[in-house]
1. With 73, 105 as the choices, which residue is under 19 Å from residue 41 (Cβ atoms) and modelled with pLDDT under 80?
2. crowded, with 24+ Cβ neighbours inside 10 Å and either in contact with a strand residue (DSSP E or B) (Cβ under 8 Å, 6 or more places away or on another chain) or under 18 Å from residue 240 (Cα atoms) (or both): is that true of residue 191 in this structure?
3. Check residue 225 against each of (1) in contact with a helix residue (DSSP H, G or I) (Cβ under 6 Å, 6 or more places away or on another chain); (2) crowded, with 21+ Cβ neighbours inside 10 Å and name the one condition it does not meet.
4. Right, residue 27: touching a residue at least 60 places away in the same chain (Cβ under 8 Å), at negative phi, out of contact with any strand residue (DSSP E or B) (no Cβ under 9 Å at 6 or more places or on another chain) and not in a helix (DSSP H, G or I) or not?
5. Of all residues in segment 150-173 being farther than 23 Å from residue 243 by Cα and in contact with a strand residue (DSSP E or B) (Cβ under 6 Å, 6 or more places away or on another chain), which is modelled with the lowest pLDDT?
């Protein structure tokens, strides 16, 4: 495979050098240019034709948002935002403008922290090498559409009581598409695990809450999983569920050193399947890797429903593909059709999958 050509755009000399040194150690990556502001980045993008760009938002002359708008209109290529924890709100604005993913700048520029940032960046670069910008653009367009939501005719008993949604790269926009299309009387609980670092999921949940008819919040220890409400697993933790009397409550678990995916979709879905049995539903959206495959298998084993985003719309088809290959995808649908399918299955007394 040809090398990934990367353009680094950052006004911090320290960040530029750290990213450059990290990437130059990787045999499959070629740093073709460095820019300290958006204007210079525009020129170098047109001249060097990078496959991927790392981008800081706060820059002189032209900020990252302005550059990103120009890039997505004139020359769309995958962008990874490099952001401080304190800038979490700007990260999600950048994702809504077309950035593919982000990494967090360490609070302390120690050697260990910089090495961790470098590893995270290299992993994401390789993950989104084949990211489909056309699919990301379509999902972003869908996420901004206003929807007329039909109510679910509530019945005394529903076959599905809890929906678990898992995603990674491209997930924030896909999740927004789903939640913005659910009606205010949605009669099931929802749990979400989106691969995201600590310090960013609070803002993520806040933004989802602002565009959804149902309540969305970052999960805290002991939060009850209730119908018509959404709990988002906090970054840096795994989210599980347990019964306490008649209540189902969230419990947060710190990851260990060998955990590859944090928060883990598999851990969340397996826990939900243990608690809800056949009344659980799993939904796997865009993302690289295999997280979610084992969890969907557990949901399916217990008679629950499984829905997977199709290759037609998945920005990165890794996670959905793994579930399909495992033979546990009950429905394979484009992102535009998934909300209606969830509503149909949740609102049914009993439904048998094909």
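The values are calculated or read from the model by the stated rules, or taken from the named source; none is laboratory data. Note that this is a predicted model, so its numbers are computed, not measured. So basically every Cβ, Gly included, is an ideal-geometry build from the backbone, and we count neighbours across all protein chains shown.
1. 105
2. On the way: crowded, with 24+ Cβ neighbours inside 10 Å: yes; either in contact with a strand residue (DSSP E or B) (Cβ under 8 Å, 6 or more places away or on another chain) or under 18 Å from residue 240 (Cα atoms) (or both): yes.
In short, yes.
3. So the condition that residue 225 fails would be (1).
4. Working: touching a residue at least 60 places away in the same chain (Cβ under 8 Å): no; at negative phi: yes; out of contact with any strand residue (DSSP E or B) (no Cβ under 9 Å at 6 or more places or on another chain): yes; not in a helix (DSSP H, G or I): yes.
No: the conditions fail for residue 27.
5. Selected residue: 169.
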